[in-house]
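The values are calculated or read from the model by the stated rules, or taken from the named source; none is laboratory data. The structure displayed is predicted, hence computed values, not measured ones. Cβ placement follows ideal geometry from the backbone for every residue including glycine, while neighbour counts extend to all protein chains displayed.
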Amino acid sequence: MDATPLRVFTEEQQQIWRALYKKLIVRVEKYACQDYLTGFELLELPEDHIPTLEYLNERITPRTGWKCVHTSVRYTSADDWYPEFAKKHFLITDYIRSWEEIEWTHEPDMFHDIFGHLPFMTLKHYAELEEMFAPAYLRATTDEQKENIKRLAWFSTEFGLIRENGERKLFGAGLISGAEELDNVVQNRVPVMPFTIENVIQYDKAVYTHNKQLFEFESIDALKTELARYFDTI
Ligand SMILES: [Fe+2]
């Protein structure tokens, strides 16, 4: 892992970026939570090309102290991911999905990392949420604790939903960066439960399929309070 800019992408990869951006932007403008939209403006993501890490870090690091770091690993395991997270390094893969996967991919690619997560990483109160996970994971001594932390991250920062002015809005980066699953959720085809530790840890992460159950919290502060209730026991 290093901080060099993303490698030079092929024209086809740039076309895939443009197609994904075009497909998702209309959806997120309508369904994403306000924090995402605020961060999106601050990040100034280019519509017509894949941004460099330098461009991204210029907009993220001064605001939150986080830094995007290149990884050539396509699906980094939690044991490798969280030590980097603890250093406020956000790993960005240089893989992008194929044309066949435009509607849905099980793999978190560069579009997911950048478009789904990074707008949030311009916001201090969101960065502080992300900063809760790594210390808890690194303190965990049992596989059960580690799995619970992974599920709590999955069903919040990856696939969480948030209430805003009485409405349900998209919070998780996996929903924000994946049209097919996003459409299912906004059309109420996925059951939603309150985000509590006890509810969430019963459910496996749906890595290779759509999620069959999702969870909703009232605010980022409420999510932090709920997570702390478990992390403080580790
Ligand atoms: Fe992600």
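Of note:
- Matching option when the condition is within 13 Å of the ligand (Cβ to nearest atom) and either modelled with pLDDT of 95 or more or exposed (fewer than 15 other Cβ atoms within 10 Å of the Cβ) (or both), among Val186, Val207: Val207
- Taking the criterion of being in a loop (DSSP other than H, G, I, E, B) and among the charged types (D, E, K, R), the residues of region 199-234 that qualify are Asp204, Lys205, Lys212, Glu218, Asp232.
- Condition check for Trp99 on (1) aromatic (Phe, Trp, Tyr); (2) away from the ligand (no atom under 11 Å from the Cβ); (3) at pLDDT 95 or above; (4) in contact with a Gly (Cβ under 9 Å, 6 or more places away or on another chain): one failure, at (4).
- Neighbours by Cβ (under 9 Å, 6+ apart or cross-chain): first from region 205-221, touching a residue at least 60 places away in the same chain (Cβ under 8 Å); second among the basic types (Lys, Arg): Phe217/Arg163
- Segments classed as strands (runs of 3 or more DSSP E), wholly inside region 84-198, with at least 3 members that are within 16 Å of the chain's Cα centre (by Cα): 89-93
- Being surrounded by fewer than 23 Cβ atoms within 10 Å (Cβ to Cβ), of a type in the set (D, E, K, R), away from the ligand (no atom under 14 Å from the Cβ) and under 17 Å from Met193 (Cα atoms) is a description that applies to Glu164.
- Residue in region 87-94 that is away from the ligand (no atom under 14 Å from the Cβ) and at pLDDT below 95 present: yes
- Selection status of Gly174, closer than 24 Å to Glu107 by Cα and of a type outside the set (Val, Ile, Thr): yes
- Number of positions in region 112-126 that are within 14 Å of Leu24 (Cβ to Cβ), within 11 Å of the ligand (Cβ to nearest atom) and not aliphatic (A, V, I, L, M): 5
- Residues of region 106-124 satisfying the condition of being surrounded by fewer than 18 Cβ atoms within 10 Å (Cβ to Cβ) and out of contact with any helix residue (DSSP H, G or I) (no Cβ under 6 Å at 6 or more places or on another chain): His106, Glu107
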